[in-house]
Amino acid sequence: MKRRLPWLAPLALFCGYHFSVAFCGMTIGVIRRQNVAKEALPPGKAKLPIFGDTLEILNPKKMLSYQLERRERWGASWTTSVLFKKAVVITGQHEMSLARKHESRPKAFEAFFPPHHQKLFGESSLLVQSGLGHQRLRRLIQSAMVPKAVERFKSFIDVAIGDFLESCRRERGYFSMTKKLQETTLRIVVQVLLGEDLPEEDLEYLRRNLRIWAVGLLSAPLNFIPWSNAARAMRARGKVEEILLKWIEERSKKLDDTLLSQLIRATDEDGSALSTKEIVDNVFTLVFAGIDTTASTLSSSFKKLSQDTELQKLLREKLQGPEGERYLDAFLTEILRTNPPAPFAMRLVREPLKLENVTVPAGYLLVYGLGASLSDECYEKPDEFQLMRAWNQSVTTSGAFGGGPRLCPGRYLAAQSAQQVLAAVLGPEGFHWKLKEDQKLEQEYSPGLFPIDGLMLELS
Ligand code: HEM
């Protein structure tokens with residue numbers, strides 16, 4: 001035994017040394033990998049293990065406060081789970097613009113919606129398409145919504161505004177301005193699509209079914225239960241689809257300047273056009289995406305102007321002069337920043353995403369916290385409403401309209417419609433109003449952002 005020691009000792013030392021080195025190396029490697037993962041993924045602790053913050057992120061009442069509270073706690077980005085998937089929420093403007101640059105790589109991201117949303121929007125909707133399919137649809141649809149095309153919609157929008165002013169004047173006593181604006185923005189979209197007003201009963205039928213459809217969107221995905229909101233929404237979609245098919249058939253016979261004609265006429269470089277199914281799914285999407293968002297912008301405008309009568313006076317005065325449009329534009333930009341109608345957007349990350357301080361692994365959801373991003377510290381005194389912010393800082397409306405390859409294609413139409421409505425109300429042919437006392441003016445998403453009591457007012 002003693003005789004073996006002279007060579008066993010160096011062997012033991014050799015093995016021990018290498019084992020220790022390997023062990024330490026592995027340990028350091030594991031620690032380093034954990035640190036890399038910890039460094040890369042933002043902090044966060046979801047309330048529930050797999051369900052995470054789903055109930056708060058998707059809860060219309062909590063959407064915005066959730067983002068603001070979590071940002072206060074974790075900083076501009078945090079990790080959680082949403083709809084059974086690991087997710088990273090980002091709310092910093094800088095991180096967002098970096099992420100959007102990655103979005104132009106066709107395989108980097110996928111649109112992400114719960115399965116019943118995909119059914120409700122339709123599989124050819126721009127919203128649910130990704131990659132090259134999405135790019136093709138964007139080209140075709142956007143060509144019908146560029147500023148030059150929107151310019152031609154002005155007279156159609158004016159017809160809907162005429163109806164709006166008249167119906168406000170017909171009201172006796174207090175009425176809900178929110179409801180009136182939702183009716184008006186539906187009228188505007190129908191006018192822009194068809195170039196004509198629908199009879200009131202047809203509009204009411206459309207409105208009723210769109211409302212059932214929107215309730216289904218915000219409900220649990222129980223479409224296999226016939227009496228669930230999701231199943232009712234599918235049936236409502238079927239009814240609206242019948243109307244759209246009739247419109248497309250009629251409009252195909254006499255193409256003109258309307259949005260529907262332009263969608264039917266739009267062709268890609270290779271000569272391909274939108275199929276009837278693509279038109280139906282996307283008209284549906286445009287109607288959904290356009291009505292509540294624009295009504296919400298206008299409702300927040302009315303609320304602000306009711307509470308700040310000096311600002312209202314200033315805008316009325318400026319509208320008489322050459323700078324009226326510029327002031328109105330600055331006002332709407334700040335309204336959209338302080339009252340974002342669309343609070344978040346989600347993507348499924350397909351290729352690992354490396355931002356400056358955050359890495360999001362493939363398979364995670366990336367949630368753009370648009371609501372909180374608009375009070376980011378890149379804005380000077382973000383909590384203040386500054387009419388001239390858009391002039392003094394390089395603030396654009398694009399914050400509220402998203403960005404990158406999914407930047408809202410309806411932004412010109414939305415801005416044009418909102419400007420025309422406000423110019424008509426605050427101009428010489430418009431009206432003055434006063435708010436009903438004792439009403440809840442706090443706003444909730446439903447799905448646009450509206451005051452809880454519907455913004456009750458009467459003309460004065
Ligand atoms: C003030 C009004 C509006 C706001 C604040 C708004 C906001 C947004 C935002 C934030 C997105 C991007 C969502 C994402 O990143 O996934 C978006 C997308 C979209 N918006 Fe708007 N929107 C408005 C009005 C409109 C109007 C009037 C239309 C059409 C009539 C419209 C049609 C669309 C469509 C089709 C998309 C999907 C684009 C895509 O996925 O490629 N929006 N909108």
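The values are calculated or read from the model by the stated rules, or taken from the named source; none is laboratory data. From a predicted model like this one, the values you see are computed outputs, not experimental measurements. When we count neighbours, we look across all protein chains shown, and the Cβ atoms used for this are built from the backbone with ideal geometry, even at glycine.
How many residues does the range 284-342 contain that are in contact with a Phe, Trp or Tyr (Cβ under 8 Å, 6 or more places away or on another chain), under 30 Å from Lys246 (Cβ atoms) and hydroxyl-bearing (Ser, Thr, Tyr)?
The total comes to 2.
Give me the pairs, please: first residue somewhere in the range 339-366 and closer than 30 Å to Leu387 by Cβ, second residue anywhere and among the aromatic types (Phe, Trp, Tyr) and buried (at least 22 other Cβ atoms within 10 Å of the Cβ), beta-carbon distance under 8 Å, and either six or more positions apart or on two chains.
Final answer for the pair search is Pro343/Tyr445; Phe344/Tyr368; Ala345/Tyr368.
Please indicate, with yes or no, whether at least one residue in the range 216-232 is surrounded by fewer than 16 Cβ atoms within 10 Å (Cβ to Cβ) and of a type in the set (D, E, K, R).
Taking every residue of the range 216-232 in turn, none turns out to be surrounded by fewer than 16 Cβ atoms within 10 Å (Cβ to Cβ) and of a type in the set (D, E, K, R).
Looking at Gln118, Gln129, which one is polar (S, T, N, Q) and within 11 Å of the ligand (Cβ to nearest atom)? If you could, list the steps in order and put the result at the bottom.
On the way: Gln118 fails: within 11 Å of the ligand (Cβ to nearest atom).
Exactly one residue qualifies, and that residue is Gln129.
Return the residues of the range 103-114 that are in contact with a strand residue (DSSP E or B) (Cβ under 8 Å, 6 or more places away or on another chain) and not in a strand (DSSP E or B); say none if nothing qualifies. Even if it seems obvious, please write down each step before you answer.
Going residue by residue through the range 103-114, those that are in contact with a strand residue (DSSP E or B) (Cβ under 8 Å, 6 or more places away or on another chain) are 103, 108-113.
Passing the criteria: Glu103, Ala108, Phe112, Phe113.
I'm trying to understand the selection: among the residues of the range 167-180, which are loosely packed, with under 15 Cβ neighbours inside 10 Å and either of a type in the set (D, E, K, R) or under 29 Å from the mean Cα position of the chain (by Cα) (or both)?
Scanning the range 167-180 gives Arg169, Arg170, Glu171, Arg172.
What tally of residues in the range 220-238 results from selecting those that are at pLDDT 95 or above and part of a loop (DSSP other than H, G, I, E, B)?
Looking only at that region, the number is 0.
Can we say Glu183 is under 21 Å from Leu457 (Cα atoms), surrounded by 15 or more Cβ atoms within 10 Å (Cβ to Cβ) and not hydrophobic (A, V, I, L, M, F, W, C)?
Working: under 21 Å from Leu457 (Cα atoms): yes; surrounded by 15 or more Cβ atoms within 10 Å (Cβ to Cβ): yes; not hydrophobic (A, V, I, L, M, F, W, C): yes.
Considered against the rule, which asks whether it is under 21 Å from Leu457 (Cα atoms), surrounded by 15 or more Cβ atoms within 10 Å (Cβ to Cβ) and not hydrophobic (A, V, I, L, M, F, W, C), Glu183 comes out as yes.
If I go through the range 330-342 residue by residue, how many of them are within 9 Å of the ligand (Cβ to nearest atom) and of a type outside the set (A, V, I, L, M, F, W, C)?
2
Check the range 260-276 and report whether any residue there is surrounded by fewer than 20 Cβ atoms within 10 Å (Cβ to Cβ) and under 30 Å from Asn223 (Cα atoms). Working first, answer last.
Kept after step one, since they are surrounded by fewer than 20 Cβ atoms within 10 Å (Cβ to Cβ), are these residues of the range 260-276: 261, 264-273, 275-276.
Still in the list and also under 30 Å from Asn223 (Cα atoms): 275-276.
Among the residues of the range 260-276, at least one is surrounded by fewer than 20 Cβ atoms within 10 Å (Cβ to Cβ) and under 30 Å from Asn223 (Cα atoms), which makes the answer yes.
Among the residues that make up the range 193-213, is at least one of them aliphatic (A, V, I, L, M) and without any contact (Cβ under 8 Å) to a residue 24 or more places away in the chain?
Step one: of the range 193-213, the residues aliphatic (A, V, I, L, M) are 193-194, 198, 203, 206, 210, 212.
Those still in the list that are without any contact (Cβ under 8 Å) to a residue 24 or more places away in the chain too: 198, 203.
The answer is yes, given that some residue of the range 193-213 is aliphatic (A, V, I, L, M) and without any contact (Cβ under 8 Å) to a residue 24 or more places away in the chain.
Would you kindly identify the helices (runs of 4 or more DSSP H) lying entirely within the range 239-322 that contain at least 2 residues that are within 16 Å of the ligand (Cβ to nearest atom)? Let's see the steps before the verdict.
Values: elements: 259-265, 276-307, 309-318.
Fully inside the range 239-322 and qualifying: 259-265, 276-307.
Considering only the range 287-338, how many residues are touching a residue at least 60 places away in the same chain (Cβ under 8 Å) and of a type in the set (Val, Ile, Thr)?
6
Results for (1) in a helix (DSSP H, G or I); (2) among the hydrophobic types (A, V, I, L, M, F, W, C); (3) touching a residue at least 24 places away in the same chain (Cβ under 8 Å), shown as yes or no for each residue.
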residue: Lys86; (1), (2), (3): no, no, yes
residue: Leu98; (1), (2), (3): yes, yes, yes
residue: Lys101; (1), (2), (3): yes, no, yes
residue: His116; (1), (2), (3): yes, no, yes
residue: Glu123; (1), (2), (3): no, no, yes
residue: Leu127; (1), (2), (3): no, yes, yes
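Got a sec? Which of Ala362, Ala345, Ala424, Ala390 is over 16 Å from the mean Cα position of the chain (by Cα), modelled with pLDDT of 90 or more and more than 20 Å from Thr178 (Cβ to Cβ)? Lay out the reasoning, then the answer.
Values: Ala345 fails: over 16 Å from the mean Cα position of the chain (by Cα); Ala424 fails: more than 20 Å from Thr178 (Cβ to Cβ); Ala390 fails: modelled with pLDDT of 90 or more.
When all the criteria are applied, what remains is Ala362.
Scan the range 450-459 residue by residue and report those that are buried (at least 18 other Cβ atoms within 10 Å of the Cβ) and outside any loop (DSSP other than H, G, I, E, B). Walk me through it before giving the result.
From the range 450-459, those buried (at least 18 other Cβ atoms within 10 Å of the Cβ) are 450-451, 454-457; that's our starting set.
Within the range 450-459, Phe450, Pro451, Met456, Leu457 qualify.
Check every one of the strands (runs of 3 or more DSSP E) wholly within the range 343-449 and list those with 3 or more residues that are within 15 Å of the ligand (Cβ to nearest atom) and surrounded by 14 or more Cβ atoms within 10 Å (Cβ to Cβ).
345-349, 365-368
Would you tally the residues in the range 323-342 being crowded, with 20+ Cβ neighbours inside 10 Å and either part of a strand (DSSP E or B) or basic (Lys, Arg) (or both)?
Matching residues across the range 323-342 total 1.
If I filter the range 195-205 for residues that are within 24 Å of the chain's Cα centre (by Cα), closer than 24 Å to Lys254 by Cα and not polar (S, T, N, Q), do I get at least one hit? Break it down into steps so the answer makes sense when it comes.
If we filter the range 195-205 for residues that are within 24 Å of the chain's Cα centre (by Cα), which is where we start, we get none.
No, the range 195-205 contains no residue that is within 24 Å of the chain's Cα centre (by Cα), closer than 24 Å to Lys254 by Cα and not polar (S, T, N, Q).
Is it the case that Leu217 is modelled with pLDDT under 90 and on the phi < 0 side of the Ramachandran plot? Full working, then the answer.
Details: modelled with pLDDT under 90: yes; on the phi < 0 side of the Ramachandran plot: yes.
Against the criterion (modelled with pLDDT under 90 and on the phi < 0 side of the Ramachandran plot), Leu217 qualifies.
Does Ile264 satisfy the criteria of being at pLDDT 95 or above and of a type outside the set (S, T, N, Q)?
On the way: at pLDDT 95 or above: yes; of a type outside the set (S, T, N, Q): yes.
When the stated conditions are applied, Ile264 passes them.
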